[in-house]
Amino acid sequence: PYSLGPAVRDYDARRAAWLAAHPGFPAFVAPERPRVLVVTGSSPRRCSDPEGDHVLLRAFKNKADYCRVHGFDVFYSNAVLDAEMSGFWTKLPLLRALMVAHPETELLWWVDSDVVFTDMLFEPPWGKYARHNLLIHGWDEAVYGARNWLGTNAGSFVIRNCQWSLDLLDAWAKMGPRGPVRDKYGRIFAEALSNRAPYEADDQSALVYLLATQRERWADKVFLESSYLLHGYWKAIVDRYEEMRSKWRPGLGDDRWPLVTHFVGCKPCGKQGASYEATQCRQGMERALNFADDQILKLYGFQHESLNTTAVRRVRNDTGRPMDADDEEIGRLLHPTFRAT
Ligand code: UDP
Ligand code: MN
């Protein structure tokens with residue numbers, strides 16, 4: 001059967017030894033503050049939609065902003081590392097390769113290209129997950145009970161650098177090789193999961209299938225989080241940004257000020273799928289990107305004229321005494337004290 005690579009054994013002990021031998025590369029940069037690598041990517045080919053690559057650039061700029069503010073590293077892949085793992089399956093061999101090459105990285109945070117960070121201040125409360133190896137948005141009841149393939153979302157998840165995760169990636173990837181295997185699992189998922197038609201296997205259904213059918217093997221190390229939006233469905237968010245700004249402040253991460261707005265079903269790079277109209281997707285993305293960018297621009301005294309335009313204007317008078325300004329919210333983003341809430 002397919003495998004991501006040679007079986008790795010004793011990984012945790014070997015990693016611990018490596019860390020002990022390399023004190024200059026600690027896996028925790030402060031107490032309760034793991035070293036985090038944000039991983040994202042897109043297809044090696046240029047987009048078929050003429051605007052697609054510009055959208056991808058802006059979506060990556062958004063991730064670079066979020067990572068800078070929080071002191072995370074970021075990796076962008078535009079290679080398919082394993083031809084068997086094409087399309088959205090590409091994230092699995094990529095995560096494995098990065099994991100074993102970076103023993104100093106404690107957590108890898110996969111985000112789809114169509115994920116936009118919309119709360120620049122919020123950071124997952126890492127301490128809460130000290131005993132877990134996979135953090136993903138979702139609900140226990142929907143995954144283990146209803147076996148609903150929409151009970152979680154594989155567009156944004158955090159995975160610990162450890163043996164358990166290497167094993168999970170390997171078990172997960174076995175359902176992904178393109179062609180007959182992927183087709184076969186698509187039919188199996190249609191049988192085993194609720195609301196899923198028998199099209200070829202996708203990585204999200206595969207994860208739900210794995211968790212639901214091998215609960216004893218995996219579940220105690222998986223945290224299905226729903227107290228904030230590690231993944232947030234764009235349709236329920238993009239029309240509310242003005243309202244959020246009038247009522248709330250960044251740092252909440254939940255429905256009031258979503259950590260992530262994920263453009264599921266939109267195809268910013270290529271041919272639009274059947275689910276949504278392209279203009280609806282594009283306008284939503286424009287608004288999400290500007291909403292996020294405003295949180296950054298504000299630090300430097302600028303704002304977009306509206307969420308629907310790229311034009312910006314100065315909103316704070318320039319001053320000859322720049323260091324005198326003392327705004328707490330701005331200070332927390334410009335000079336974050338690394339908090340683990
Ligand atoms: N992707 C990639 N390389 C590829 C194709 C896809 O890295 O060759 C990534 C990309 O980040 C994309 C993700 O896989 O966002 C999943 O696809 P998509 O977001 O279109 O799926 P959806 O969230 O709409 O279900
Ligand atoms: Mn996506």
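Only the coordinates and a few stated rules stand behind these numbers; no lab work does. Just so we're clear, the structure is a prediction, and the values are computed from it rather than from any experiment. Every residue, glycine as well, gets a Cβ built from its backbone with ideal geometry; the counts of neighbours run over all protein chains shown.
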| request: Filter region 36-59 down to residues that are in a loop (DSSP other than H, G, I, E, B) and away from ligand 1 (no atom under 15 Å from the Cβ) and give me whichever is nearest to the chain's Cα centre (by Cα). | output: GLU51
| Where residues in region 289-303 are surrounded by 14 or more Cβ atoms within 10 Å (Cβ to Cβ) and more than 25 Å from the chain's Cα centre (by Cα), which of them is farthest from HIS54 (Cα to Cα)? | GLY301
| Tally time: how many residues in region 191-221 are hydroxyl-bearing (Ser, Thr, Tyr), part of a helix (DSSP H, G or I) and more than 24 Å from the chain's Cα centre (by Cα)? | 1
| said: Would you confirm, using the coordinates I've provided, whether VAL111 is surrounded by 21 or more Cβ atoms within 10 Å (Cβ to Cβ), within 15 Å of ligand 2 (Cβ to nearest atom) and over 23 Å from LYS221 (Cβ atoms)? | reply: no
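Sort through ASP82, ASP53, ASP65 and tell me the only one that's in contact with a Cys (Cβ under 7 Å, 6 or more places away or on another chain) and touching a residue at least 12 places away in the same chain (Cβ under 8 Å).
ASP53
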| Looking at this structure, is VAL29 assigned to a strand (DSSP E or B) and closer than 19 Å to ALA154 by Cα? | no
| Matching strands (runs of 3 or more DSSP E) fully within region 253-341 where at least 2 residues are within 16 Å of ligand 2 (Cβ to nearest atom), in contact with a Leu (Cβ under 9 Å, 6 or more places away or on another chain) and polar (S, T, N, Q) | none
| note | Selection over region 242-289 where residues are among the basic types (Lys, Arg) and within 12 Å of ligand 1 (Cβ to nearest atom) yields a count of 2
| task | Residues being among the hydroxyl-bearing types (Ser, Thr, Tyr) and surrounded by 21 or more Cβ atoms within 10 Å (Cβ to Cβ): count how many of those fall in region 197-212. | result | 2
| message | I'm told ALA59 meets every condition in (1) within 16 Å of ligand 2 (Cβ to nearest atom); (2) surrounded by fewer than 17 Cβ atoms within 10 Å (Cβ to Cβ) except one. Can you identify the failing condition by its number? | response | (2)
| field | Residues satisfying the stated conditions in region 309-332, i.e. over 28 Å from ARG282 (Cβ atoms) and either surrounded by fewer than 10 Cβ atoms within 10 Å (Cβ to Cβ) or hydrophobic (A, V, I, L, M, F, W, C) (or both) | value | ASN317, ASP318, GLY320, ARG321, PRO322, MET323, ASP324, ALA325, ASP326, GLU328, ILE330
